[in-house]
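**Student:** Have a look at this one.
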Ligand SMILES: [Zn+2]
């Protein structure tokens with residue numbers, strides 16, 4: 001008997017939780033941050049100054065969030081990266097290409113000097 005009552009109580013609790021989640025926009029409850037919530041745009045723009053506010057979207061094919069960035073080199077704003085890459089992607093594709101080419105050239109020069 002006691003067990004059955006407990007189960008019912010649990011079900012009722014679950015229902016009220018669902019309702020609370022639906023009413024979440026009202027912000028009435030104080031339950032701390034939800035465990036599996038997606039990170040917010042504020043989080044990214046605060047942590048990564050090159051991430052552009054207002055560009056966060058969810059890429060369903062990759063099941064990942066994406067954001068546009070402002071290139072630190074030239075200011076271009078067309079590159080979109082996964083938010084998981086924001087920590088390492090800070091320039092547009094063109095500048096990344098130039099950087100790669102520059103570092104390759106530098107390496108070649110160093111190699112040439114070493115073998116000369
Ligand atoms: Zn650039």
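Bear in mind these aren't lab numbers, they're just calculated from the coordinates by the rules spelled out. Note that this is a predicted model, so its numbers are computed, not measured. Neighbour counts run over all protein chains shown; Cβ positions are idealised from the backbone, glycine included.
**Student:** Could you give me the radius of gyration and the Dmax of segment 36-83, taking only the C-alpha atoms into account and expressing both in angstrom?
**Tutor:** So, for segment 36-83, Rg and Dmax equal 10.8, 36 Å respectively.
**Student:** Over all distinct Cα pairs, what is the inverse of the mean 1/r for segment 38-116, reported as the Kirkwood hydrodynamic radius in Å? Could you put the intermediate results ahead of the total?
**Tutor:** On the way: mean 1/r = 0.0714 Å⁻¹.
Here the Kirkwood hydrodynamic radius works out to 14.0 Å.
**Student:** If packing is taken as the average number of other Cβ atoms within 10 Å across a peptide's residues, how do 83-94, 57-68 rank, most packed first? All intermediate terms of the calculation are to be shown ahead of the outcome.
**Tutor:** Working: 83-94: 15.5, 57-68: 12.7.
Highest to lowest by the protection proxy: 83-94, 57-68.
**Student:** Please compute the length gained on full extension between residue 43 and residue 103, using 0.36 nm multiplied by the number of residues separating them and subtracting their Cα-Cα distance. Intermediate results must be reported in sequence, preceding the final value.
**Tutor:** Details: separation 60, 0.36 × 60 = 21.60 nm, distance 3.23 nm.
Additional length available on full extension: 18.4 nm.
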